[in-house]
Each structure stands twice: as C-alpha cells, then as structure tokens.
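**Q** Questions regarding the structure given below will be posed in turn.
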Amino acid sequence: MKIKDWFINNIPWLVPLGVLLFCGCLMLLGTRAEDGSYTLNGEPAKISEAAEEFIQEAKKAYIEYAKKAVPALLADGTYVDVPTVESIDDNNPIENTETSTEGGRGSYIWAPTDTFDAFKDYTMGKCLNVDGAYGSQCWDLAAVFWMNYTDDGRTPSTCQTGAARGMWDCRDYNAGNEFDLVYDKTDIQTGDWIITSAGTYGHVCEAAGPYNNGYVACLGENQNGSACPGGGAATNIINLGLGSFSGAFRPKTYEKPEPTPSPTPSGDVTYSYVPGDYFSGVLVRLGLDEGNLWGESGTVKYYTQQLIEQNMLDRRGNVLLYTPFTLQRRK
C-alpha cells in the first residue's frame, strides 16, 4: 500500500520523467531522417490515420470547450478568467476523522470566518490538511471553516462514507444551529458551501459568487490548483458546473439582508442589484408587477427597456450588480 501511495503522490514528476527517458532511448537507437525526426529505419516519421483522427477530434473538443467555458462571476459583479470545470470527483477518501456519524476533529487549523473575503484571503494558495490523510483534499478546507465557525468547533461528518458527497447525507448534523440548508442551486449566494455528487467521492467548495447560468465560482482545495506535499492541491478558485449539485450549507451570519427600496419624490423606485436577484422577483418586491409580469404587455419587458436605456446590462445581458438604477412607474 505504501508503494502504491508513493506512486500516486509522485505521478506529477514520474510521468514527464518516463517520457524523457523514452524519448532519450529513441534518439540513441534511432537514425535522423531528412525532416529532422528520429526513426528506427531512418525514414521520415509518419502520423498514422488513427493518430491524425485523434488530433482532429482533440481540436474539435478544445473548440467546443472554449465555446462552452464561461467567465466566473464574483460577488462584486466582476468576471474573472479561471478554469471552467464541469464536475470534480475528489478521488481520495477522508480518513482518521470519524468514528461515528458525529465525526471527529483532526488537527486544529485556525482561519478567520467572519466574512467570506476574510476566509478566502487567508486560505487562498495554501495547503491545509486537517485529517492527515492524502494531503490537501476538498474536505479539509471545509473542515477548517467548520471548526472555526461552529459553536462546538466540530468538523463536518461524511456519514462514514469517507467521501465529500457524504456531507449532504449528514446535512442536519452538519448544519446544526449555524447553517441553513439550500436545496435550489439557483439560490446559491457567496459564502455557501456547495456539495456535489459527481464520481465516487464528490466535491465540496465555497461559493465565491452567485449562481451564474449553471455555474458558480468556487473556492476550494484539490480542484486543479498547485500541487501540495503529500497529495491534493492548494486552495484556488474555479468556475464549477452544477450538474451534480446536491445542496449547500449557508452560514447564518452570511444571510443576505432584504434590501429596502428607496422611493423618490415622484414615486419612482431606485434599486441596486445584489447577487442572487432575479428581475421578475425584484419587480414583485418593489410592487411593480401589476399582476402581469410576462408577455408583450408585461412589466418585465416594460421595465427591462428602462434598464437598457440606462445602460444597466453587461455584455452577457445580466443586470449590473451594486449599481443603482431607477424604474419609472408605468402610468
């Protein structure tokens, strides 16, 4: 088992070393052809039909990926170019933390949890390993948050599954008195701890922005960041697809306050979008729905035109966050 673990933990440098050794052997045994390549018979190297077909398919796949990749939306309304990942299987079990569904503690690691930004700034780029197993896994970052945020300093249970996805199986225990449960992925807001169920182990990460067309910017460990000693990867931000979304834990102190509209003397309404807002819901909250939201004569179309006139839509057609706009009531 130790030999297997050694190979797994050293794959990042064993693979390129093997490739270099293989290429070196070819150069020693081969003969330089006219085109500069080295072959065993001295003839120019040829790409097989199967290899050519693979190259073409790979190019198509890359193009499709580039089309599908979307910028990650952060809490302040800005977009950042980070890797877009459809799903993650955090492929190592969680060990040495659970003897029951209540879970164990592991090594204590301090981090500030009063705000999302404080936690992000402190943990970004770090390798945090609470349970001492398999290096820095996704569960470890969640465990650091839980042990500093919860009243009893507990770490999140996986219901003895050893998998991040198991955190949702024990959601009532993990939520305790400190978290609310989020079942609708479109309701995700900054600071929510997201659980996905892809693969064998699933994934857990903290939302770094609101839901964005099936994706969310996510702060997490072991999600293609820099390699950590002993395995796993350092904390980074990716744009995560929510196709295997199970649910989310929302820290109660991170609850979004209900914004209060500011009426102007003329009866018009001034408002600023915050993460998680939907225009139809805003119109209802502001009392502008008139009982008829949709259609040619609906209020959504009517007031959307006012947003366009005020240059309130970004390049993707989304309403700008934290920027005041005024809606003139329909007479």
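The values are calculated or read from the model by the stated rules, or taken from the named source; none is laboratory data. Model, not experiment: these values are computed from the prediction. So basically every Cβ, Gly included, is an ideal-geometry build from the backbone, and we count neighbours across all protein chains shown.
**Q** Identify all residues within region 155-190 that are in a loop (DSSP other than H, G, I, E, B), without any contact (Cβ under 8 Å) to a residue 40 or more places away in the chain and of a type in the set (D, E); write none if there are none.
**A** D169, D184
**Q** Does region 137-157 include one or more residues that are buried (at least 23 other Cβ atoms within 10 Å of the Cβ), among the aromatic types (F, W, Y) and more than 20 Å from T113 (Cβ to Cβ)?
**A** no
**Q** Okay, next question. Scan region 198-207 residue by residue and report those that are modelled with pLDDT of 95 or more and either surrounded by fewer than 24 Cβ atoms within 10 Å (Cβ to Cβ) or more than 20 Å from A133 (Cβ to Cβ) (or both).
**A** Selection gives E206, A207.
**Q** Would you check which residues across region 114-146 are in contact with an Asp or Glu (Cβ under 9 Å, 6 or more places away or on another chain), of a type in the set (G, A, S) and either in a helix (DSSP H, G or I) or free of Cβ contacts under 8 Å to residues at least 60 places away in the same chain (or both) and list them?
**A** G132, A133, A142, A143, listed by residue number.
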